[in-house]
Amino acid sequence: MTRASLPPVAVIGAGFSGTMAALQLLSALPPERPVLLCERAGIFGRGLAYGTGNPAHLLNVRTANMSAFPDRPGDFESWLGHLGPEDMEGIRSTPAGTFASRGLYGRYLTELLSKAVTGSAAGRLRLLPDAVTDLEPHGGAFRLRTEGGQSFAVAGAVLAMGNLAAAPARSRHSLDPWDADHFGRLHPHAPVLILGTGLTMLDAVASLRAHGFEGAILALSRRGLLPNAHAPAAPWPTPNLTPAEFASLPRLLARIRAEVARANAQGIGWHGVIDALRPLTDTIWRSLPPPERRRFLRHLRPFWDVHRHRTAPPAAETIRAELARGALTVRAGRLLDVADESAQAVVTLRLRGAAAPERLGVQAMIDATGFGHLGQSRDPLVRRLLERGLVRPEPFGLGLDAGPDYRARGTGPARPLWLLGPLLRGVLWECTAVPDIRNEAAELAGLIATDLERAVAA
Ligand SMILES: Cc1cc2nc3c(=O)[nH]c(=O)nc-3n(C[C@H](O)[C@H](O)[C@H](O)COP(=O)(O)OP(=O)(O)OC[C@H]3O[C@@H](n4cnc5c(N)ncnc54)[C@H](O)[C@@H]3O)c2cc1C
């Protein structure tokens with residue numbers, strides 16, 4: 001095979017993960033190797049998180065830590081520095097740091113991609129606005145097929161398809177938290193139920209208000225925990241965990257509590273301790289025996305999430321004001337039943353501490369409980385790849401299985417198929433936020449370049 005005829009590497013999904021995989025591949029691969037970036041939504045660079053135009057939807061990570069590149073930590077802040085006064089509404093300075101709107105971040109990513117399309121990589125990066133429906137084994141690699149009927153021979157593929165879709169809707173009055181256009185059609189005063197009390201609930205409340213909804217909102221989750229807000233915190237040193245602490249959840253918890261107590265005694269607080277664990281969390285996840293990991297998922301995950309995935313202070317302030325004026329109520333409890341009527345859903349709830357279940361009529365139920373389980377996924381590409389044995393679930397059902405080199409593990413022979421982003425949750429614990437994905441994208445591109453060019457040389 002001559003170098004000029006090298007088939008492309010396909011990247012499936014053009015949210016943050018796919019965009020960064022494509023940009024890093026353009027740097028890591030030889031100039032003769034093109035990259036095919038496929039996106040079913042037709043909008044490249046934004047994905048689920050950064051497509052919002054609502055300035056109240058803020059990044060939940062400080063701008064200082066949102067560069068797309070591991071080796072250029074100031075890149076996003078320097079991009080923000082070139083914006084005009086008309087964009088300042090999207091940048092909020094707080095004592096805990098500066099937070100930009102997610103819409104601005106999406107613009108940053110689309111500009112990075114446009115530069116690659118028109119700049120030095122022009123002609124090597126092809127954007128394909130189509131849904132990929134199959135990767136058919138072909139020679140040592142794949143023939144990629146799309147919903148639009150296109151087909152390409154590719155040298156390998158990166159699956160960067162984001163989170164798996166949520167479980168099927170429980171009512172015909174269910175609304176998708178990401179499809180806020182529907183919120184404008186709601187009656188402005190009839191009550192709304194939000195399932196889930198995490199970051200997605202905060203977004204849904206902001207979207208409801210931005211679309212003119214003025215009525216009462218009840219947010220329900222099993223524990224009724226709200227995300228904590230970022231706070232000014234001095235850094236805390238990453239603890240030097242013992243092998244026993246890496247291998248046992250109770251020991252690990254005891255150590256973290258001891259670290260927090262020491263930090264409190266120095267006036268630093270828990271925020272710095274949780275942040276200091278970040279470089280260790282993947283190793284902790286992999287070191288814990290599987291039953292301990294299951295216990296973590298069953299009992300501790302909600303507590304971890306509200307401490308680790310914090311919100312921007314202005315978003316927390318909005319929620320505090322909603323709670324204070326009684327427009328939003330947050331309760332711990334369970335949804336027992338949903339009965340659809342023509343204009344409303346009648347939900348039966350068991351609220352924590354209540355003597356008996358309660359029934360409530362709501363005009364809409366917004367499912368903000370997070371993302372689906374692999375077993376529930378109806379995604380056609382995932383289903384096809386599972387059937388072909390090219391991928392398999394990882395043991396916790398959170399995503400797909402992969403090796404330490406990001407290569408998908410299936411039931412058949414290994415092929416040039418890699419994973420990036422939230423699909424890796426379960427294998428890697430920290431794989432859903434920009435500060436982790438940017439490193440993983442760079443590492444993955446290097447590994448793919450080595451693998452493919454070794455194959456060409458052979
Ligand atoms: C609301 C929200 C806010 C967040 N805020 C932050 C934040 O402030 N800071 C932070 O660090 N992280 C944040 N995150 C975490 C976020 O998951 C990551 O930052 C990152 O956006 C994940 O990107 P992704 O590309 O992996 O997934 P996604 O953004 O979901 O992108 C996946 C893309 O793949 C496409 N796709 C799927 N299947 C196919 C197919 N078969 N063919 C073609 N295309 C396909 C989808 O259309 C989608 O565009 C947030 C997440 C959410 C949901």
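The values are calculated or read from the model by the stated rules, or taken from the named source; none is laboratory data. Please read all numbers here as calculations on a predicted model, not as lab measurements. Glycine also receives a Cβ, built like all others from the backbone with ideal geometry; neighbour counts cover every protein chain displayed.
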Problem set entry | Any chance L444 is within 14 Å of the ligand (Cβ to nearest atom) and either modelled with pLDDT of 95 or more or not in a loop (DSSP other than H, G, I, E, B) (or both) | yes
For this session: Among the residues of segment 125-153, write down those that are closer than 18 Å to L444 by Cβ and either more than 14 Å from the ligand (Cβ to nearest atom) or surrounded by fewer than 20 Cβ atoms within 10 Å (Cβ to Cβ) (or both).
Result: L125, A141
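Take R425 and tell me if it is surrounded by fewer than 18 Cβ atoms within 10 Å (Cβ to Cβ) and either free of Cβ contacts under 8 Å to residues at least 12 places away in the same chain or within 16 Å of the ligand (Cβ to nearest atom) (or both). Before the answer, list the steps.
Details: surrounded by fewer than 18 Cβ atoms within 10 Å (Cβ to Cβ): no; either free of Cβ contacts under 8 Å to residues at least 12 places away in the same chain or within 16 Å of the ligand (Cβ to nearest atom) (or both): yes.
No; evaluated as a whole, the condition is false for this residue.
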Exercise. Which condition number in (1) within 21 Å of G162 (Cα to Cα); (2) part of a loop (DSSP other than H, G, I, E, B); (3) in contact with an Asp or Glu (Cβ under 9 Å, 6 or more places away or on another chain) is the one that L48 fails?
Worked result: (3)
Exercise. Only one of (1) in a loop (DSSP other than H, G, I, E, B); (2) small (G, A, S); (3) without any contact (Cβ under 8 Å) to a residue 60 or more places away in the chain is not met by A100, so which one is it?
Worked result: (1)
Exercise. When you scan segment 107-163 for strands (runs of 3 or more DSSP E) that lie fully inside it, which ones turn up with 1 or more residues that are in contact (Cβ under 8 Å) with a residue 24 or more places away in the chain and more than 27 Å from the chain's Cα centre (by Cα)?
Worked result: 132-138, 141-146, 151-154
Exercise. Regarding A41, is this residue surrounded by fewer than 18 Cβ atoms within 10 Å (Cβ to Cβ), among the small types (G, A, S) and in a helix (DSSP H, G or I)?
Worked result: no
Exercise. Quick check: anything in segment 211-230 more than 30 Å from R278 (Cα to Cα), of a type in the set (A, V, I, L, M, F, W, C) and without any contact (Cβ under 8 Å) to a residue 60 or more places away in the chain?
Worked result: yes
Problem set entry | Within segment 379-390, tally of residues that are buried (at least 18 other Cβ atoms within 10 Å of the Cβ) and more than 13 Å from the ligand (Cβ to nearest atom) | 2
